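Notes to accompany the following structure.
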Amino acid sequence: MKRHHTVSPKTVSTCIPNISQGTHIFDIRGYSDLKGMGHEEFIKSGDFPVGGFDWAIVLYPDVNTFLDLDEITAFLELRSEGGDKVRASCDVRLVDQITGNSSSAHPTTKNVKLFNVDEVRRVNCLMMKRSEFEAPPYLLDDRITMECVVTVMHEPRVSRARPIPRINVPPPNITEQLGKLLESKEGADVTFDVAGETFAAHKLVLAMRSPVFKVELCGLMMESGTQHIAVTDMQPAVFKALLQFIYTDWLPGTHCFEGEDNGEMIRHLLVAANKYDVDRLKLLCQSILCKNLHARNVATTLALADQHNCDILKDACIEFMSFPNMMNDVAATQGYKDLQRMAPSVLAEAMEKMSKIKKMKRN
């Protein structure tokens with residue numbers, strides 16, 4: 001049973017903080033009369049709303065006196081009933097009675113604290129030396145003013161996931177366009193006569209893809225009108241396949257050329273690719289011939305590889321011939337006898353390399 005894989009599009013969502021902030025001015029007058037009431041007594045501000053909750057500032061002027069500590073302590077208290085846990089911070093600033101400016105008395109209290117109506121309703125928001133708190137310019141004319149900035153952190157705002165905009169770009173099609181140019185013959189400025197069959201082409205494309213064509217057509221490029229060139233050493237079908245590869249970098253129906261029955265066509269294409277120095281086609285032909293090596297054709301292919309400077313294919317043939325019990329079948333072929341008669345040096349070189357290969361395998 002086939003499984004179908006569905007590729008989901010890329011999506012994006014955003015998350016941004018969701019905060020509410022409010023400032024409460026807690027003005028304490030007659031401070032000296034309000035302190036000294038005992039360490040359990042406190043001064044509390046009126047309730048003030050921030051972020052949908054009610055809050056209050058609770059100051060204990062004498063709590064640390066009982067512990068013999070020189071400190072003033074204040075708390076931020078959640079006054080609302082019910083509801084979930086609340087995250088909030090409080091920055092307590094003392095107002096300079098002379099300039100009217102304020103400065104943070106306890107910067108560390110800006111950290112977000114967790115409030116819970118059933119457990120934690122207060123968190124410390126001020127701890128300051130009494131000698132500083134109860135001295136000018138903060139305490140003046142028996143008055144002290146606290147500016148309390150409360151920040152409530154709500155659940156972050158998260159947007160709905162949405163697809164990321166994208167523009168699809170089709171795959172490159174320049175080779176397809178060049179193939180159509182070859183087929184249409186539009187703008188062709190050179191023709192080739194191959195065994196009575198005519199092929200129209202474009203000098204610039206041929207020169208760009210083949211160093212040999214570039215040299216051959218260099219002078220013709222300066223001339224106007226269509227030029228005619230005769231090709232006397234190639235079959236029309238081979239020249240047609242060569243042109244198609246030059247224009248499209250692709251050998252139409254490559255799989256059709258594979259197999260022993262089509263080996264002759266590939267051999268002719270290899271010769272053409274070597275003649276016009278079309279390296280990739282030459283390598284492609286070598287690859288096809290290598291995949292279709294057989295005892296019946298390896299000697300002929302070796303001779304072809306040596307004749308047309310195909311060292312990779314030549315080495316592949318020698319490696320193939322060095323397979324166990326292969327040489328008896330190879331030696332019985334006409335191709336081997338031809339190689340023995342017409343290129344004995346090539347055969348001698350192959351035998352020497354085969355001997356080294358077998359020796360390496362034994363070791």
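Restricting attention to the range 182-198, the residues that are within 22 Å of ALA272 (Cα to Cα) and either in a helix (DSSP H, G or I) or not assigned by TED's automatic domain parsing to the domain that holds GLN244 (or both) total 2. Can you tell me which residue in the range 86-111 is surrounded by the most Cβ atoms within 10 Å (Cβ to Cβ), limited to those that are at pLDDT below 85 and of a type outside the set (S, T, N, Q)? Among those residues, the one meeting the criterion is ALA105.
Each residue in the range 322-363 was checked for being over 19 Å from CYS310 (Cα atoms), in a loop (DSSP other than H, G, I, E, B) and not polar (S, T, N, Q), and 4 pass. Of all the listed residues (LYS282, LYS358), the sole one being buried (at least 20 other Cβ atoms within 10 Å of the Cβ), touching a residue at least 24 places away in the same chain (Cβ under 8 Å) and among the basic types (Lys, Arg) is LYS282.
Let me confirm something: among PHE133, PHE115, PHE192, which residue is over 30 Å from SER80 (Cβ atoms), in contact (Cβ under 8 Å) with a residue 24 or more places away in the chain and in contact with a Leu (Cβ under 9 Å, 6 or more places away or on another chain)?
From the options PHE133, PHE115, PHE192, the qualifying one is PHE192.
Assessment of the range 207-217 against the conditions (of a type in the set (A, V, I, L, M), assigned to a helix (DSSP H, G or I) and in contact with a strand residue (DSSP E or B) (Cβ under 9 Å, 6 or more places away or on another chain)) yields at least one matching residue.
The values are calculated or read from the model by the stated rules, or taken from the named source; none is laboratory data. Here the structure is a predicted model, which means the values were calculated and not measured. Using ideal geometry, Cβ is built from the backbone for each residue, glycine included, and neighbour counts are taken over all protein chains shown.
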